[in-house]
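Here the structure is laid out as structure tokens; the discussion comes afterwards.
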Amino acid sequence: MCKVIAVANQKGGVGKTVTCVNLGIGLAGNDKKVLLIDADPQGSLTISLGCDEPDSLEYSLATAMINIINDESVDVRHGLIHHAEGVDILPGNIELSSLEITLTGVISRETILREYVNKARAYYDYIIIDCMPSLGMMTINALACADSVLIPVQAAYLPVKGLQQLIKTIGRIKRQLNPNLTIEGILITMVDHRTNYAKDIASQIYDVYSSSVNVFPIEIPLSVRVAEISATGSSLYVYDPKGKAAFAYTELIKEVMSHAV
């Protein structure tokens, strides 16, 4: 059975895309069929996996969703990019920005992506959606079609401040659009273990949320290697396989697989 995970946080720069890349490729390394969907108009996931010019692509997530809006047939195998490390990618690009505007006037605008994803479920064990850093219509579409939400949170004051708002939004989506939606877990990222500040923030997240929401016991360390991989088109398992961040993501994959549908 396919599991759909939305990786979401309205705060940018918290490690969403890096998490999508390394979670997806790590699952593929465990013999799982994985589709990564780039739902961010910046195309960060698409670029991170080796496509330097996502805006020049003829087919993207926006194309598929426009076809659905226009009641045209959609082949969920069309337009995918296959990555050497075993995942398929439905690319995202700047066209998603105009699509957000288009969606405001569409009937059932919150569930357009769900139609695509439900068809794609037949081909994959996991579908992972990299959400844009906002709580706009594309993110709502992702949450409306997901089985669970994984929330990366940087070990810093401002990202943590926005966490409660996201959790409230997830609760509203669950009540109104997707009663099966759960929180996969909060993933604490960019942790500088050399500082008491980062340790205090991580401890605060555990204290406030762990009684009601899964907080992964794994923390992703602050690492120069993590910052560098977006320019390589590869995962940490290729770029820095013995590093602490690669080890942390390997442990995360074990956790996620233990939560399988």
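The values are calculated or read from the model by the stated rules, or taken from the named source; none is laboratory data. Treat the numbers as computed from the prediction; the structure is a model and nothing was measured. Neighbour counts are summed over all protein chains in view; Cβ atoms, including those assigned to glycine, are modelled from backbone coordinates with ideal geometry.
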Restricting region 56-88 to residues that are under 20 Å from the mean Cα position of the chain (by Cα) and among the polar types (S, T, N, Q), the residue that is surrounded by the most Cβ atoms within 10 Å (Cβ to Cβ):
Ser60
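Give the residue, chosen from Asp200, Asp192, Asp240, that is buried (at least 17 other Cβ atoms within 10 Å of the Cβ) and free of Cβ contacts under 8 Å to residues at least 60 places away in the same chain.
Working: Asp200 fails: buried (at least 17 other Cβ atoms within 10 Å of the Cβ); Asp192 fails: buried (at least 17 other Cβ atoms within 10 Å of the Cβ).
Step by step, each of Asp200, Asp192, Asp240 is checked, and only Asp240 is buried (at least 17 other Cβ atoms within 10 Å of the Cβ) and free of Cβ contacts under 8 Å to residues at least 60 places away in the same chain.
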Quick one: in region 1-36, which of the residues that are of a type in the set (Gly, Ala, Ser) and surrounded by 24 or more Cβ atoms within 10 Å (Cβ to Cβ) is nearest to Pro241 (Cα to Cα)?
Gly26
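Does Glu72 satisfy the criteria of being part of a loop (DSSP other than H, G, I, E, B), out of contact with any Ser or Thr (no Cβ under 7 Å at 6 or more places or on another chain) and not aliphatic (A, V, I, L, M)?
Details: part of a loop (DSSP other than H, G, I, E, B): yes; out of contact with any Ser or Thr (no Cβ under 7 Å at 6 or more places or on another chain): yes; not aliphatic (A, V, I, L, M): yes.
Against the criterion (part of a loop (DSSP other than H, G, I, E, B), out of contact with any Ser or Thr (no Cβ under 7 Å at 6 or more places or on another chain) and not aliphatic (A, V, I, L, M)), Glu72 qualifies.
Rundown of residues vs (1) at pLDDT 95 or above; (2) more than 20 Å from the chain's Cα centre (by Cα); (3) surrounded by 13 or more Cβ atoms within 10 Å (Cβ to Cβ), yes/no style:
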{"site": "Val208", "(1), (2), (3)": "no, yes, yes"}
{"site": "Glu228", "(1), (2), (3)": "no, no, no"}
{"site": "Ser235", "(1), (2), (3)": "yes, no, yes"}
{"site": "Ala248", "(1), (2), (3)": "yes, no, yes"}
{"site": "Glu251", "(1), (2), (3)": "yes, no, yes"}
{"site": "Ser258", "(1), (2), (3)": "no, no, no"}
List every residue pair whose Cβ atoms sit under 7 Å apart, with the two residues 6 or more apart in sequence or on different chains, where the first one lies in region 39-64 and is in contact (Cβ under 8 Å) with a residue 12 or more places away in the chain and farther than 19 Å from Pro133 by Cα and the second, anywhere, is assigned to a loop (DSSP other than H, G, I, E, B) and among the hydrophobic types (A, V, I, L, M, F, W, C).
Ala64/Val74
Any residue at all in region 173-182 that is under 19 Å from the mean Cα position of the chain (by Cα), without any contact (Cβ under 8 Å) to a residue 12 or more places away in the chain and crowded, with 17+ Cβ neighbours inside 10 Å?
yes
Just checking, does region 48-55 include any residue being small (Gly, Ala, Ser), within 18 Å of the chain's Cα centre (by Cα) and either buried (at least 19 other Cβ atoms within 10 Å of the Cβ) or part of a helix (DSSP H, G or I) (or both)?
yes
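Which members of region 172-216 meet the condition of being among the hydrophobic types (A, V, I, L, M, F, W, C) and either part of a strand (DSSP E or B) or under 21 Å from Val4 (Cα atoms) (or both)? If you could, list the steps in order and put the result at the bottom.
We begin by selecting, within region 172-216, every residue among the hydrophobic types (A, V, I, L, M, F, W, C); these are 173, 177, 181, 183, 186-188, 190-191, 198, 201-202, 205, 208, 213, 215-216.
Of everything in region 172-216, those that are among the hydrophobic types (A, V, I, L, M, F, W, C) and either part of a strand (DSSP E or B) or under 21 Å from Val4 (Cα atoms) (or both) turn out to be Ile173, Leu177, Leu181, Ile183, Ile186, Leu187, Ile188, Met190, Val191, Val213, Val215, Phe216.
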